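Trainee: Please read through the structure below; I'll follow up with questions.
A short reminder: the numbers here are calculations on the coordinates, not readings from a lab. What you see is a predicted model, and the numbers here were worked out from it, not measured in a lab. So basically every Cβ, Gly included, is an ideal-geometry build from the backbone, and we count neighbours across all protein chains shown.
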Amino acid sequence: MSTETRKTLIVLSAPSGAGKTTITKRILERHPAEVMFSISATTRSQRPGERDGVDYYFVTREKFEELIRQGALIEYEEIFGNYYGTPVTEIDRANQMGKRLLFDIDVKGGISIRKRYPAQSLLIFISPPDLATLERRLRDRQTEQDETVRRRLERAGMEMAMSDQYDRVVVNDDLERAVAEVEKHIFASRD
Ligand code: ADP
Ligand code: 5GP
């Protein structure tokens, strides 16, 4: 067995539109017995194709604020006017199943997870090849209005600047190559 602690809490962060949802889905499809997704609670509205209790727990603002008061969230942030947070129960669920837990959360949330679980956490930043590509991907996804695309791009600069606090940076140029690189980092500590 390696002397390094097994990295069971894998955080994937990226500016919105860089491709972390796409990469997360690929990893989960390929390793269902070893990796599971940490389902966040959010107050943002459901996008077409998203499922409650699978992609997110979609909750009202009142319910989210109750979760904060109860101490039911490991971390939470307000992003683009909505709350997003990680329920404590996700960690318990992964421990019970003996699986690694994959988080799709923002940079500040990732840093909070590492503060709380320093030995188990691995923080991977997914970077777009450049900002023009990021903007094109966001617009092509067609899930956001112009105004929210603009806000997501503005936030991207802040997130890119914080990427040097992450353990690994993976550029999502070619999707297959990027997924393979993320897999390599996740399973670097197998035992
Ligand atoms: P995020 O979860 O980071 O906001 P998504 O996974 O939704 O981003 O990806 C944003 C858009 O870019 C989607 O339409 C997705 O299909 C596309 N995309 C993701 N990765 C790539 C890639 N390597 N090359 C081209 N398009 C990509
Ligand atoms: P989206 O609305 O595109 O699904 O997510 C917006 C941002 O919120 C993304 O950067 C996503 O990673 C982040 N996010 C999703 N869930 C959480 C969470 O539980 N905590 C934090 N801090 N960020 C989250």
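Trainee: Taking amide H positions as placed 1.01 Å from N in the peptide plane, with prolines and chain starts having none, which residues 5 or more places from Ile79, or on another chain, fall under 5 Å of its amide H?
Mentor: It is Tyr84, by chain and number.
Trainee: Share of antiparallel DSSP beta bridges in region 9-186, in percent to the nearest 5? Write out the running numbers ahead of the final one.
Mentor: Working: 8 of 28 bridges.
Of those bridges, close to 30 percent are antiparallel.
Trainee: List, in order, the whole-Hz ³J(HN,Hα) value for each residue of region 70-79 obtained from phi through the Karplus relation with A = 6.51, B = -1.76, C = 1.60 and θ = phi - 60°; use x for Gly and Pro.
Mentor: Karplus-based 3J(HN,Hα) across region 70-79 equals 6, x, 8, 10, 5, 7, 8, 9, 9, 10 Hz.
Trainee: Which whole-number percent gives the relative contact order of region 9-186, counting Cα pairs below 8 Å spaced six or more residues apart? Walk me through the numbers on the way to the answer.
Mentor: Values: 264 pairs, mean separation 58.9, N = 178.
In percent, rounded to a whole number, it is 33.
Trainee: Counting other beta carbons within 10 Å of each Cβ, put Ser163, Ser45, Ser38 in order, fewest first.
Mentor: Values: Ser163 17, Ser45 8, Ser38 22.
Listed from fewest to most nearby Cβ atoms, that is Ser45, Ser163, Ser38.
Trainee: Quick one: what are the phi-derived ³J(HN,Hα) couplings along region 138-143, Karplus 6.51/-1.76/1.60 with θ = phi - 60°, whole Hz, x for glycine and proline?
Mentor: In residue order, the calculated couplings are 5, 5, 5, 5, 6, 9 Hz.
Trainee: Same structure again: What do you get when you divide the Cα radius of gyration of region 1-95 by 2.2 N^0.38 Å, with N the number of residues? Could the numbers behind the result be given before it?
Mentor: On the way: Rg = 14.6 Å, N = 95, 2.2 N^0.38 = 12.4 Å.
My calculation over the Cα atoms of region 1-95 gives 1.18.
Trainee: May I ask you to list the trypsin sites (Lys or Arg not before Pro) in region 12-68 that are in a DSSP loop and have at most 15 other Cβ atoms within 10 Å of their Cβ? Write out the running numbers ahead of the final one.
Mentor: Details: sites: Lys20, Lys25, Arg26, Arg30, Arg44, Arg51, Arg61, Lys63; in loops: Arg44, Arg51.
Answer by residue number: Arg44, Arg51.
Trainee: Show me, for region 41-52, the HN-Hα J-couplings you get by feeding each phi into the Karplus relation (A = 6.51, B = -1.76, C = 1.60, θ = phi - 60°), rounded to Hz, glycine and proline as x.
Mentor: 8, 8, 9, 6, 6, 5, 8, x, x, 7, 10, 5
Trainee: Sticking with this one: Can you give me the long-range amide H partners of Leu73? Hydrogens built in the peptide plane at 1.01 Å from N, cutoff under 5 Å, separation of 5 or more residues or another chain.
Mentor: Answer set, sorted by chain and number: Val88.
Trainee: Moving to a separate point now. Just to confirm the filter: which GluC sites (Glu not before Pro) across region 1-105 are DSSP coil and have at most 12 other Cβ within 10 angstrom of their Cβ?
Mentor: Here the sparse-neighbourhood loop sites are Glu4.
Trainee: Tell me the net charge near Ile74. Cut-off is 12 Å between Cβ atoms, Ile74 excluded, with +1 for each Lys or Arg and -1 for each Asp or Glu. It would help to have the intermediate numbers written out before the result.
Mentor: On the way: positive: Arg114, Lys115, Arg116; negative: Glu75, Glu77, Glu90, Asp92.
Around Ile74, the charge tally is -1.
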